[in-house]
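The values are calculated or read from the model by the stated rules, or taken from the named source; none is laboratory data. From a predicted model like this one, the values you see are computed outputs, not experimental measurements. All Cβ positions, even for glycine, are placed from backbone atoms using ideal geometry, and neighbour counts span all protein chains on display.
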Amino acid sequence: MQVEVPCPKCGKTRMNFPRPQPLDSDIITCYHCDFELGTYGSIKRKMTLFMERMIQAKAKPVRKQ
């Protein structure tokens, strides 16, 4: 799964991963400002919830008045 979360401190989306295949408990940091974004598992969960909301919003029909 590819994850991309903007850093709340600098706004960039490039991240530092501690290993090529990160574990869910690994701490992910911003590549540019070294801000801790959270664990890999929490970032994946946020991205999954965001994608589910996008799919649900797309599935709802738009009513024209």
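In the stretch 11-27, the residues that are part of a loop (DSSP other than H, G, I, E, B) form Cβ pairs under 6 Å with partners that are surrounded by 13 or more Cβ atoms within 10 Å (Cβ to Cβ) and modelled with pLDDT of 85 or more, at six or more places apart or across chains, as follows: Lys12/His32; Arg14/Tyr31; Pro18/Asp26; Pro22/Tyr40; Asp24/Tyr40; Asp24/Gly41; Ser25/Thr39; Asp26/Tyr40. Hey, does the stretch 39-48 have a residue that's loosely packed, with under 14 Cβ neighbours inside 10 Å, more than 19 Å from Gly11 (Cβ to Cβ) and modelled with pLDDT under 90? So far as the stretch 39-48 goes, yes, one or more of its residues are loosely packed, with under 14 Cβ neighbours inside 10 Å, more than 19 Å from Gly11 (Cβ to Cβ) and modelled with pLDDT under 90.
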